[in-house]
Amino acid sequence: MFILSKLFTYIFLPPGIFVIILFLAGFFAKKAKYLFFLSAVLLWALSTKFIANALLYPLEHGYKPDSITPSAVVVLGGGTNPADPVKAMPEAFKREVYGLLIAKQENLPFIFTGGGIYKTKEAQNVKKDIELITKTCGCSIKAYFEGKSLNTYQNAKFTSKLFTRLNLPKKIYLVTSAYHMKRAEMLFKRFGFKIIPKPVGFYYDPEYSFWDVFPNMGSLYRSYKAIHEYFGILSVYLRKM
């Protein structure tokens, strides 16, 4: 029963069902036959753990921290939902909590950066999370919030201005999702920061099983995250030109 249940999940739910449709189209279509096959192979590959891990590993490993004594913990935003009692989205909440733990352990100010396109800015929502957590735990942590930035470049730019206003040295623990750290590090260093990376929320998973040859949405999502990040890193290089 377990095997039948797993096979049903992988074959009849996305992306598996679309892989099968594309392969069938490749068999029966007269025109664009090879395009259908190529699309099926690419969709299958990107939806497997093997390819997702291969794309993620270079992003999530190989950080080189600067030799510094940080003056603050900087946490990058990752999305919020104001209708939720805990405002931050799951991935972003990991960043928040890890940043708070470091700030408490090192007795440093906690600095959040993130605005967004909505009327209620991400920083406003996160401030409520931080107040809830610190009040419940009885923690005293000095916190600052930057709420104008729309992307990672602006995170770095506006955080740099905040540090100037606060008269803080640009030496930081930088907290963001592991797959996003390399791009964030590149941009923050461009604005004069020295960094000890503190990645959290790793997607790379070194353990494999037989079922990992089947396509699944989780792996496709991880591949999408990685590919999006590679394009983001490319944009950083192009910005230099």
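For segment 194-224, a residue qualifies if it is of a type in the set (A, V, I, L, M, F, W, C), surrounded by fewer than 22 Cβ atoms within 10 Å (Cβ to Cβ) and under 30 Å from E106 (Cα atoms), and the qualifying residues are I196, V200, F202.
Residues that are closer than 18 Å to Y98 by Cβ, at pLDDT 95 or above and of a type in the set (D, E, K, R): does segment 163-178 have at least one? No, there is no match, as no residue in segment 163-178 is closer than 18 Å to Y98 by Cβ, at pLDDT 95 or above and of a type in the set (D, E, K, R).
What residue, of S177, S223, S235, S209, is touching a Gly at 6+ places or on another chain (Cβ under 9 Å) and either farther than 22 Å from S71 by Cβ or not hydrophobic (A, V, I, L, M, F, W, C) (or both)?
On the way: S223 fails: touching a Gly at 6+ places or on another chain (Cβ under 9 Å); S235 fails: touching a Gly at 6+ places or on another chain (Cβ under 9 Å); S209 fails: touching a Gly at 6+ places or on another chain (Cβ under 9 Å).
Criteria check complete, one pass: S177.
Report whether or not L4 is at pLDDT below 70, farther than 21 Å from K225 by Cβ, among the aliphatic types (A, V, I, L, M) and assigned to a helix (DSSP H, G or I). Judged against the criteria, L4 is a match.
Consider segment 76-100 and keep the residues that are surrounded by 23 or more Cβ atoms within 10 Å (Cβ to Cβ) and within 12 Å of the chain's Cα centre (by Cα). The one that is nearest to E185 (Cα to Cα) is L76.
Residues that are part of a helix (DSSP H, G or I) and among the aromatic types (F, W, Y) within segment 68-115 comprise F93, Y98, listed in sequence order. Considering only segment 156-173, state which residues are farther than 20 Å from V236 by Cβ and not polar (S, T, N, Q). Matches in segment 156-173: L162, F163, R165, L166, L168, P169, K171, Y173. The strands (runs of 3 or more DSSP E) located wholly in segment 119-201 that include 2 or more residues which are under 19 Å from the mean Cα position of the chain (by Cα) and not basic (K, R) occupy 171-177, 194-200.
For segment 215-230, the criterion of being in contact (Cβ under 8 Å) with a residue 24 or more places away in the chain, more than 18 Å from A92 (Cβ to Cβ) and of a type in the set (D, E) is met by no residue.
Between residues in segment 148-165 that are farther than 12 Å from L76 by Cα and residues that are assigned to a helix (DSSP H, G or I), which pairs lie under 6 Å by C-beta distance while being six or more apart or on different chains? Qualifying pairs under 6 Å: K148/F158. Here segment 49-63 is the region considered, the condition is being surrounded by fewer than 20 Cβ atoms within 10 Å (Cβ to Cβ) and within 15 Å of Y224 (Cβ to Cβ), and the residue that is modelled with the lowest pLDDT is I51. For the residues K135, K170, the requirement of being surrounded by fewer than 18 Cβ atoms within 10 Å (Cβ to Cβ), within 26 Å of K104 (Cα to Cα) and in the same structural domain as L76 (by TED's automatic domain parsing) singles out K135.
The values are calculated or read from the model by the stated rules, or taken from the named source; none is laboratory data. Here the structure is a predicted model, which is why all the values come from computation and not from measurement. FYI the Cβ positions are ideal-geometry reconstructions off the backbone, even for glycines, and counts take in every protein chain you see.
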